[in-house]
Amino acid sequence: MRLEIGIVFLFVTISCGGKENVEGNDLIQDSSLKKETSYQLTDLKELYLESVKTYNSTKKNDVISSPPIFFDTLINQVRIQTILRDTKHTIVRGGISNQNLITYFDTELILFLAKKDKIIHDKKVIKKTDFLEFVYESDLEKYSITNSSFEKLTSEETNLTVMICQPDTDICFRILLVLKYDGTIEYVDLDE
């Protein structure tokens, strides 16, 4: 567990450019931004730390849980943060002939997106129900968001790839989240 937290901390430190706390209150200022533009490092960090506490308290029970994953980067005056974390809902997966049932916590993706001094999405919660266009509604209870990754950034949008999978299987959908700077989100199936 300490190794996982250390790796996430290292990743966050590297993705933030290793900038030091310049104000003493967790503000990060980037010289490429306008002087009056600054972002609080704690935009989703506090929520992430809360998610870590929840994970630590639930990992000892019979439901399989996953540690939260925090992603934070600043590229060309666009700040992107995501947290992939467990929810209180569960997914039950059966073995052969539904013996040896396994229970997993479901997950959600929390998003913060800002461009220059404009916040576009603030703690936007993305759940598996947002992907009904790709997964049959009758099968949706079997799926969970298992991964998200940064793809690219343009002057009009930021793209993230999200994996919607049945836990511990390779039965998945790869979906591109097109996060437009006007606040709209488009979902594109990458497997078609």
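The values are calculated or read from the model by the stated rules, or taken from the named source; none is laboratory data. Given the structure is predicted, the values throughout are model-derived calculations rather than measurements. For neighbour counting, all protein chains shown are included, and Cβ atoms are generated from backbone atoms with ideal geometry for every residue, glycine included.
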task: Pick out the one residue from Thr169, Thr158 that is β-branched (Val, Ile, Thr) and modelled with pLDDT under 95.
output: Thr169
message: Can you say whether Gln77 is polar (S, T, N, Q) and touching a strand residue (DSSP E or B) at 6+ places or on another chain (Cβ under 7 Å), as far as the supplied structure shows?
response: yes
task: For His121, work out the one condition from (1) at pLDDT 95 or above; (2) in contact with a Leu (Cβ under 7 Å, 6 or more places away or on another chain) it doesn't fulfil.
output: (1)
task: Within region 83-93, work out how many residues are modelled with pLDDT under 95 and either loosely packed, with under 14 Cβ neighbours inside 10 Å or not charged (D, E, K, R) (or both).
output: 6
